[in-house]
Every structure is written in structure tokens, then in C-alpha cells.
Protein chains: 2
Amino acid sequence: MTKINPSKSIDHLGEFGLIDHLTQDFIPQNASTVLGVGDDCAVIEKDAKHFTLVSKDVMIENIHFDLMYVPLKQLGYKAVSCAVSDVYAMNGTAEQILLAIGVSSRFPLEAVEEFYLGVRHACVHYGVDLVGGDTSSTSQGLMISVTVIGKVEKDKICYRSGGKPTDILMVTGDLGRPYLGLQILEREKNVFLSNPSIQPELERFDTLVKKQLMPTARKDMIELLESLQVVPTSMIDVSDGLASEVLHLCNTGKVGCCIYENKLPFHEDTLLMASDFNLIPATCAMNGGEEYELLFSVAQRDYPKIQGNPHFTPIGYYVSASEGCYFEDNSGVKHQINAQGWRHF
Amino acid sequence: MTKINPSKSIDHLGEFGLIDHLTQDFIPQNASTVLGVGDDCAVIEKDAKHFTLVSKDVMIENIHFDLMYVPLKQLGYKAVSCAVSDVYAMNGTAEQILLAIGVSSRFPLEAVEEFYLGVRHACVHYGVDLVGGDTSSTSQGLMISVTVIGKVEKDKICYRSGGKPTDILMVTGDLGRPYLGLQILEREKNVFLSNPSIQPELERFDTLVKKQLMPTARKDMIELLESLQVVPTSMIDVSDGLASEVLHLCNTGKVGCCIYENKLPFHEDTLLMASDFNLIPATCAMNGGEEYELLFSVAQRDYPKIQGNPHFTPIGYYVSASEGCYFEDNSGVKHQINAQGWRHF
């Protein structure tokens with residue numbers, strides 16, 4: 001293993017740097033391994049016409065979720081959504097999941113049942129089967145890991161890396177709601193902690209909070225693309241904020257991009273609530289996360305098939321790598337996109 | 001979900017009861033799901049001649065391992081061994097793994113590198129590719145989850161359930177070493193805690209301690225069975241003690257068994273050290289665990305192909321379910337085997 005400067009901490013490397021660093025010396029040995037680390041899923045030979053897709057996520061209490069405001073049933077649903085979203089991001093069909101949980105003795109059986117009820121609802125929604133996993137006790141807290149297995153026709157697989165200059169960048173649904181949902185939940189938690197007699201007021205933020213607590217992976221959009229006979233040239237799911245995801249696409253595809261603030265799709269509640277929090281909606285989209293919408297590119301020749309469809313919004317296009325990755329704000333000023341997102345000020 | 005008595009705690013159900021309870025209402029929906037929960041691996045349709053095998057394990061600090069005496073490199077190796085062992089237990093070939101770790105900030109980068117070095121050594125040894133996973137921080141401790149993907153020819157898959165009365169029960173290698181290795185490590189830890197100036201004395205227990213810290217999954221035995229043209233009628237890996245595993249085979253196969261104390265294979269160090277700890281070697285085998293040896297059955301007609309091979313030991317045979325599951329001790333007394341193992345006194 002190539003040693004890096006020992007003074008470098010894990011925090012310094014960041015999540016993606018750490019994975020790259022730790023896995024750089026692993027050389028695939030099996031002919032069936034088509035693609036290892038570096039995309040939404042690993043790609044494995046299945047049969048003459050199909051690849052198997054596999055992905056694995058982990059969610060840890062007080063890192064990824066706060067049980068003060070996350071109901072366990074919704075957490076179970078979300079854990080499955082996060083996992084299957086990785087298969088959809090490769091243009092595949094999710095078929096099976098394996099679920100490992102570690103749970104401390106502070107959780108009664110009913111709490112674990114609630115979690116599994118959410119998992120089951122998600123399995124029914126996405127048409128996936130729970131086929132295995134593991135349970136363990138922990139000394140504290142709740143830990144969840146979901147592995148998803150899917151398949152994709154070989155000639156329809158979408159990698160992060162397939163984009164070409166002039167391809168149109170598109171996004172499903174709208175952006176920014178989960179980020180604002182999280183701000184609301186954190187605000188109400190702090191109100192509650194300072195005065196437990198005040199009940200949290202969440203109903204009027206329902207569209208925002210629900211998208212944070214129980215996001216839906218876009219199986220429907222993969223099916224819609226199929227029916228429109230559109231195979232994206234590159235695709236990723238928006239789990240870490242638009243800025244981070246578009247940079248993944250550009251870096252692996254060796255292209256640049258231009259994204260327009262005035263093209264980004266927002267729900268009306270996002271516009272209202274962003275102003276309450278003194279936030280710019282584009283910041284919520286670029287720096288937020290946990291959207292589980294799909295960000296993808298289509299070749300110019302396919303664009304007429306998809307243009308005007310209310311489920312898809314064109315937000316920019318790929319340019320050559322030498323032109324860089326840019327975000328053009330509403331006043332026409334171009335900002336370079338960086339991994340931390342795009343900051344307006 | 002069928003509610004059980006709410007006063008029942010998670011501890012009361014036990015690990016296997018909990019998994020059964022939580023997964024009983026999950027109905028497979030995909031034709032590709034051949035077998036879900038209930039064997040060493042889930043079984044998924046791959047192509048005309050092969051099944052895909054998938055399994056997922058989780059290991060949590062201070063539940064599954066104690067970093068006071070488990071070196072991280074050996075832990076990385078062991079995590080992979082535990083995972084691939086599940087594929088071998090179905091008579092399959094392991095090809096890929098996905099690794100998720102959660103690690104607190106108390107671990108320096110070098111510690112995580114050590115762990116991955118052990119993972120890499122194991123990947124090379126077993127011929128598997130690390131193709132993905134996830135890393136996360138935790139608020140405390142180390143959490144590891146490994147998913148393994150393998151394949152098996154459809155007509156060579158071994159389920160837990162395939163045994164028939166008169167089939168011979170056999171085990172690879174020898175039993176009891178990891179259990180005694182753990183006793184030694186715990187004893188030396190307590191000596192060290194009470195007097196840190198005393199250095200642990202581990203060299204003369206090397207065969208026992210090493211089998212606990214760095215067990216090897218029996219890929220070689222699967223290859224040997226293949227070359228001997230023996231397909232076991234049922235198989236499981238010995239991860240939870242022989243008593244627990246033989247009951248899994250008998251319960252799923254709807255058979256009973258008789259196992260003989262005087263047939264159990266022991267390393268000479270197991271015999272020596274068991275007497276030091278005032279333990280009976282058979283107790284170490286029946287109630288121990290983490291052996292990662294294979295327990296399997298062969299039909300009478302196949303027995304001549306394998307008889308006398310030093311890698312395999314016949315320890316008993318299947319009988320009809322109505323005859324029950326029995327352990328016959330060295331004095332000829334029969335004891336019923338129960339899930340907690342077999343206790344001599």
C-alpha cells in the first residue's frame with residue numbers, strides 16, 4: 001500500500017479520498033469483475049445479455065440519522081431507498097437486498113419491528129426481495145447496512161463516465177427539499193430541547209420534511225426513460241448534493257460542464273422556506289444532499305424524445321474538460337464548481 | 001407483521017429467533033430469488049448453469065472482537081474469511097466482496113490501512129475482488145460489514161437441508177482451537193490489566209491463538225471435494241459451535257443425528273490446553289465457534305471416495321427426525337443436543 005503522509009488524518013482525506021487511498025492497491029483477479037470501486041454500483045458478469053449490479057451502504061446513528069426526529073419505520077424505508085437508488089443510477093432493476101443491523105439493548109423489540117415494517121413497505125414499493133443479512137447487538141446505537149443486487153441489460157448500462165461535450169445534463173424531480181427538511185427538523189429539535197412543552201410544528205412543512213425522512217428512489221424515472229427509449233450517456237444519483245455529483249460525472253467522464261441557476265427545478269415550498277432560512281434555493285440544491293433524484297446526460301440526438309417532459313429538467317450541458325466545471329448564477333456570473341459545492345457569498 | 005408477546009425482549013428471542021421473527025412476513029416477489037433467508041447464502045438465478053450466491057456479515061467492536069488483543073491486520077483478514085466461508089458452505093466459489101466500515105476518529109489512518117492490508121491479503125488468498133462498499137465515521141468504535149458474492153453450478157449447490165438418514169456427517173480439519181485461543185487471549189488480557197508490566201505469553205499457544213485471530217475459510221476443502229467428485233448432500237460452516245450447526249442441518253433437513261465424542265477431530269494442542277483450562281475438548285467443539293471448518297454430509301455411496309482422507313473426519317450420521325439429535329459421549333451415554341450446545345455436567 002502506498003503510504004501517504006502519516007500526519008494526514010482520515011478527516012483530511014475526506015470520504016472519497018479515503019476510499020480511493022485504501023482501495024488503490026486492490027487489483028481485480030476475476031474475469032467476472034467488470035467494474036469495481038468507482039461508480040454507484042460494482043458491475044459483475046451475469047449472462048450473455050446482462051450484468052449484475054451490486055452496491056452497499058452504511059448508515060450510523062448520530063452520523064446519518066438522529067432518532068430524536070427520525071421515526072424508525074421511515075428510517076427502514078429510507079435505508080432501502082438509498083440502496084436501490086444506486087442500482088437505478090446505473091439504469092438497472094433492483095431485485096434483492098441484504099440487510100445487516102446492529103442494535104443496542106436500549107431498543108425494545110417493537111422498535112426493531114417498526115424498522116423492519118418500513119423496510120418491508122419499501123421492498124413492496126420497489127419490488128425487491130429481502131434475501132439475507134445479519135443482526136448483532138452493539139454497545140450503543142443503531143447501525144444499518146444494506147446491500148442491493150440488481151441487473152441491467154449490457155447495452156443499456158449507464159456509467160458515470162459516459163458523457164460527451166454537448167450532451168444535455170438533466171435532473172429528475174426537483175432539488176433542495178431534503179436539505180430544507182433537515183433544517184426544519186433540526187430547528188424544531190432545538191426548540192423542543194430548550195422547552196419540551198412546545199410541540200414541534202411540522203405539518204405545514206410536510207413536503208420538505210417528508211422528502212428528508214422518506215425519500216423515494218426514482219425507479220419510476222428509469223421505467224419512464226425505458227418507455228421513451230432514452231439511454232442516458234452518463235448517470236448518478238444525487239445523494240451528496242448536486243455540486244459533488246456533477247463533479248463525479250465530469251471527473252470520471254473527463255468532461256467539463258456548465259449548469260445554470262435559472263434552470264434548476266424547485267418545489268414552491270422550497271422557494272418559500274429557503275427565504276425563511278435566509279438561504280438561496282440554488283445553495284440548497286448544490287450543497288444539500290439525500291435527494292435520491294437522478295442526474296444524467298442525454299446525447300443531443302435523444303433530446304427531442306425527452307424535451308418538455310415535466311419529470312425531467314435540463315439544467316446545463318457538458319463541455320470539454322479544458323473549459324472546466326461552471327455554475328452560472330441568475331446574474332450571469334460564472335462560478336467554478338468545487339467539491340464542497342458552490343457558495344454564493 | 002405477526003406480533004409476538006411484547007414482553008419478549010430481543011435477548012429472549014436470540015439471534016436466529018429474531019431474524020426469523022423479523023423476516024417472516026417478507027414474501028419474495030422476483031423469479032430470480034431462488035432462496036432468501038435461511039441458509040449460509042441467498043441463492044439468485046445467474047444463468048442457465050449457475051446460481052449467484054450472496055451473504056452479508058457484520059462485526060462490531062467489543063461484541064465480535066476486542067482490539068486490546070486483536071491486531072487490525074488480522075481482523076481485516078478474518079472479516080473476509082468469515083464472509084467467503086458462507087459461499088464455500090454452499091459448495092460455491094467466492095468472487096467478489098463489498099466492504100463497509102464505520103470508524104471513529106480515535107483510529108489514525110495507519111490503523112485503517114493495517115485493516116485494509118489484512119483485507120487485501122485475504123482477497124489475494126481467496127482470489128476475490130474488492131469491488132465496492134462504503135466508509136463512515138462512527139461516534140465510537142469500529143464496525144465492519146462484508147458482503148460476499150459467489151457462484152455455484154446448479155447441480156452442485158449444497159443446501160443445509162439436503163441430508164437423508166444414513167448419510168455420513170463429516171467435518172474438515174479439527175475443532176476447538178479457536179475457542180481455546182479465545183480463552184488464552186482473555187486470560188492474558190486479564191493478567192495484563194491487573195499488572196501491565198507482565199508481557200503476555202502467547203508463543204507457545206500459537207496454533208490456538210492464530211486459529212482464533214486469523215481463521216482460514218476452507219476454499220481448499222471445496223476444491224478437494226470437487227477433485228474427489230463428491231457433492232455433499234448438506235453443508236454448513238462451523239461459525240457458532242458444532243452443536244448449533246448440526247441442529248441447523250437437522251432442523252432444515254428434517255432429520256435427526258447421532259454424533260460420537262470419540263470421533264471428533266482435535267489438534268494435540270487442543271487436548272493439552274483443554275486440560276489446563278479444566279475443559280473437555282468436546283465441550284470446546286460443541287459450544288465453541290468461529291472455526292470456519294465445514295460440516296457436511298455425504299451419501300453412503302459416496303463415502304468410499306472420501307473415507308480415510310486425512311482432511312475429513314466422519315463424526316456421526318443422520319437418522320430419522322423421530323429419533324432426535326444425539327451426542328454419544330466416550331462412556332457410551334447419549335445426550336440430547338440442544339441449541340446451547342452440549343454440556344457434560
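Read-outs throughout are calculated quantities, based only on the coordinates presented, and are distinct from any laboratory measurement. Keep in mind the model is a prediction, meaning the values are calculated, not measured. Ideal geometry is used to build each Cβ from the backbone, glycine not excepted, and the neighbour counts take in all protein chains shown.
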Could you work out the relative contact order of chain A, using alpha carbon pairs under 8 angstrom and six or more residues apart, expressed as a whole percent? 20
One checks the Cα atoms of chain A and finds Rg and Dmax, in Å, of 20.4, 63
Looking at chain B, do any whole DSSP H helices span at least 18 angstrom along their long axis by alpha carbon and average -0.5 or above on Kyte-Doolittle, and which? B:72-88, B:109-126, B:177-194
From the P(r) of region A:168-336, can you give the percent of Cα pairs sitting at distances over 30 Å? 21
Mean separation of Cα contacts under 8 Å (at least 6 apart) over the residue count of region B:168-336, i.e. the relative contact order in percent, is 41
Cα-based equivalent ellipsoid, region A:17-97: semi-axes from gyration tensor eigenvalues, Å: 28, 18, 8
Report the Stokes-Einstein translational diffusion coefficient (µm² s⁻¹, integer) for region B:161-250, Rh taken as the Kirkwood radius over Cα pairs, at 4 °C with viscosity 1.567 mPa s. 82
Report the per residue volume, in Å³, of the convex hull enclosing the C-alpha atoms of region A:274-345. 144
Return the loop-located trypsin sites (Lys or Arg not before Pro) in region B:239-309 (DSSP other than H, G, I, E, B) with at most 14 other Cβ atoms within 10 Å of their own Cβ; answer none if there are none. B:254
Among the DSSP beta bridges whose two residues both lie in region A:33-156, what percent are antiparallel, rounded to the nearest 5? 75
Using bins 10 angstrom wide from zero, how does P(r) for region A:33-156 break down, in % of all Cα pairs? 13, 44, 28, 12, 2
Summing -39500 (n - 2.57) over every DSSP H run of at least 4 residues in chain A and dividing by its residue count gives a helix-only mean residue ellipticity at 222 nm, to the nearest 500 deg cm²/dmol, of -10500 deg cm²/dmol
Near the amide H of residue B:133, under 5 Å away, which other amide H atoms are found, from residues 5 or more places off or on another chain, if H is placed in the peptide plane? A:56, B:99
Which one of B:247, B:222, B:179 has its Cα pushed farthest toward the positive end of the charge dipole of region B:175-252, where Lys and Arg give +1 and Asp and Glu give -1 at the Cβ? B:179
Percentage, to the nearest whole number, of Cα pairs in the protein assembly as shown over 44 Å apart: 26
Comparing A:206, A:276, A:86, which has the greatest mean-square fluctuation in the GNM of chain A with Cα pairs linked when under 10 Å apart? A:276
If you take every residue apart from residue A:76 with its C-beta less than 11 Å away from the C-beta of residue A:76, what net charge results, scoring Lys and Arg +1 and Asp and Glu -1? +1
Given the options A:82, B:88, A:101, identify the residue whose Cα lies farthest towards the positive end of the charge dipole of the protein assembly as shown (+1 on Cβ of Lys, Arg; -1 on Cβ of Asp, Glu). B:88
Per q in 0.13, 0.15, 0.21 Å⁻¹, report the Debye log10 I(q)/I(0) for region B:172-225, using one uniform scatterer on each alpha carbon and no solvent. -0.41, -0.50, -0.77
Nearest-5 percent of antiparallel DSSP beta bridges in chain B? 80
Sorted by Cβ density within 10 Å, fewest first, the residues B:303, A:179: B:303, A:179
Tell me, what does the Kirkwood hydrodynamic radius of region B:209-264 come to in angstroms if you use every pair of distinct C-alpha atoms? 13.5
Taking placed amide H atoms and a strict 5 Å upper bound, the residues 5 or more places from residue B:40 or on another chain that come that close are B:160
Too-long pairs where the Cα-Cα distance tops 22 Å, listed order kept, from A:189/A:263; A:156/A:219; B:78/B:210; A:151/B:156: A:189/A:263; A:151/B:156
So how long is each side of region A:210-307 along the principal axes, counting just the alpha-carbon atoms, biggest first, in Å? 41, 29, 22
